[in-house]
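Scroll down for the structure; my scribbles are underneath it.
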Amino acid sequence: MKQKLVFATNNAHKVEEIVAALGGGDFSISTLSECGINEDIPETEPTLEGNAALKARFVFERLKSMSVEAMVFADDTGLEIEALGGAPGVMSARYSGSGTQGNIDKVLAELERKECRIAQFRTVIHLIEPNGEEHSFEGKVEGEILFERNGDEGFGYDPIFCPQGFEQSFAQMPLEVKNSISHRGRAVRAMAQWLQTKL
Ligand code: IMP
């Protein structure tokens with residue numbers, strides 16, 4: 001039987017990436033809206049770890065109140081830029097206050113006079129088992145911030161992030177290539193490895 005997992009997101013790109021990274025066979029993934037949860041979950045913690053845990057616990061409790069027993073996980077991702085002291089980091093989604101294009105513009109403007117463009121994406125996944133036990137998984141990818149946008153695949157900061165060892169941005173790569181090296185792909189594979197031990 002497939003293992004039922006609830007992913008605390010409604011971001012279609014993330015779901016697509018996670019389904020691809022987990023592989024079809026052993027798992028069935030439901031999103032929040034598929035579970036009838038339509039609220040915005042607060043992301044008020046100062047760290048990726050804290051926000052991932054906050055989201056997973058919120059959904060776990062909500063499902064419990066609906067008498068649904070499931071394995072629940074949430075992710076939080078940040079783009080950490082060395083020359084900006086790790087910013088935007090946990091603020092990545094809200095960096096400019098005006099959405100993805102504003103966030104990218106702000107990063108490019110802040111790096112204009114900086115020599116070092118080293119950055120990493122970091123994803124933390126927080127998973128809660130039906131018995132309430134909690135686990136955390138991390139994935140990172142290092143790279144650099146490009147001088148302008150390139151490509152239109154993917155989402156978020158993908159057009160300005162070039163992973164180490166590549167000459168393309170994440171937004172110029174097919175999804176399977178991004179998944180094979182990305183922060184989220186790595187965090188998901190760490191989680192999948194652990195889940196396999198539970199099957
Ligand atoms: P969150 O994990 O949804 O809170 O993401 C935080 C911010 O990082 C958002 O602005 C996303 O667009 C961005 N982000 C998350 N994952 C990725 C990714 O794989 N590529 C590019 N940007 C991402």
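Taken together, the values in this text are just the output of simple stated rules run on the coordinates, not laboratory data. Since the model is a prediction, treat every value here as computed from it, not as a measurement. Glycine also receives a Cβ, built like all others from the backbone with ideal geometry; neighbour counts cover every protein chain displayed.
Data for the structure
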item: Residue that is nearest to Arg57 (Cα to Cα) [pool: residues in the stretch 95-134 that are of a type in the set (Val, Ile, Thr) and touching a residue at least 60 places away in the same chain (Cβ under 8 Å)]; result: Ile128
item: Residue pairs meeting the criteria (Cβ under 8 Å; at least 6 apart or on separate chains; first more than 17 Å from Ile18 (Cβ to Cβ), in the stretch 138-162; second hydroxyl-bearing (Ser, Thr, Tyr) and part of a helix (DSSP H, G or I)); result: Tyr157/Ser92; Tyr157/Thr100
item: Within the stretch 1-30, considering residues that are part of a loop (DSSP other than H, G, I, E, B) and more than 13 Å from the ligand (Cβ to nearest atom), the one farthest from Glu138 (Cα to Cα); result: Met1
item: Selection within the stretch 123-147 - within 16 Å of the ligand (Cβ to nearest atom), closer than 18 Å to Glu167 by Cβ and loosely packed, with under 15 Cβ neighbours inside 10 Å; result: none
item: Residue match in the stretch 99-122 (condition: within 16 Å of the ligand (Cβ to nearest atom) and on the phi > 0 side of the Ramachandran plot); result: yes
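Okay, residues lined up against (1) among the hydrophobic types (A, V, I, L, M, F, W, C); (2) surrounded by fewer than 19 Cβ atoms within 10 Å (Cβ to Cβ); (3) over 22 Å from Gly139 (Cβ atoms):
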position	(1), (2), (3)
Asp40	no, yes, yes
Glu49	no, yes, no
Lys55	no, no, no
Val72	yes, no, no
Gly78	no, no, no
Ala87	yes, yes, no
